Amino acid sequence: QVHVVESGGGLVQPGGSLRLSCVRSGSIFSTYTVNSMAWFRQTPGKKRELVALLTNTGATNYLDSVKDRFTISGSNPKVYLQMTRLEPEDTAVYYCNFNLRVSGHTDVDYWGQGTQVTVSS
């Protein structure tokens, strides 16, 4: 069984910083490679949106509103999201994602349970 565990969320004032951590554990009983690792976020009543993506080549992609404020980093099986200059609009549940290519042809997503980030004065 594969488990994805996130930590680092909490309450922070506008302008503050938080660092989210995520680790994948457990056995995958097939040959696999890592396509990407990513962070998503979701607020009530809204669709889940991609915040930051780290590909297997080291390339990164960011949501426009978090560019120059958030940084994704890490290597399998760990991924981090450093968040600085947080704004109330960043308030959301943040989810860690691993996308793996299993047996050479099947892409599988693994998700964490989510960690709450609240930015408020």
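The values are calculated or read from the model by the stated rules, or taken from the named source; none is laboratory data. These figures come from a predicted structure and were not determined experimentally. So basically every Cβ, Gly included, is an ideal-geometry build from the backbone, and we count neighbours across all protein chains shown. Just the protein is used for accessible areas: all its heavy atoms, side chains included, with ligands, DNA and RNA removed. Shrake-Rupley method; radii C 1.70, N 1.55, O 1.52, S 1.80 Å.
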Quiz item: Roughly how big is the chain's charge dipole about its Cα centre, with Cβ charges of +1 (Lys, Arg) and -1 (Asp, Glu), in debye to the nearest 20?
Solution: 120 debye
Quiz item: So, with a 1.4 angstrom probe, what is the percent of accessible area on the chain that is carbon and sulfur?
Solution: 49 percent
Quiz item: What does a probe at residue 105 reach in the stretch 5-49, counting residues whose amide N is under 17 Å from the point 7 Å along Cα→Cβ?
Solution: 30-33
Quiz item: If you stretched the chain out fully between residue 69 and residue 85, how much longer would it get, using 0.36 nm times the residue separation minus the C-alpha to C-alpha distance?
Solution: 5.1 nm
Exercise. Report which label in (1) 14.4, 48; (2) 13.3, 42; (3) 14.4, 52 holds the value of Rg and Dmax of the Cα atoms in Å derived from the coordinates of this structure.
Key: (1)
Quiz prompt | Neighbourhood net charge (13 Å Cβ-Cβ; Lys/Arg +1, Asp/Glu -1) for residue 109 | solution = +2
Practice problem: Pull out the extension gain between residue 50 and residue 113, defined as 0.36 nm times the separation in residues minus the alpha carbon to alpha carbon distance; nm, one decimal. | Solution: 21.1 nm
Quiz prompt | Check: the stretch 13-78 dipole with +1 on Lys, Arg Cβ and -1 on Asp, Glu Cβ, in debye | solution = 180 debye
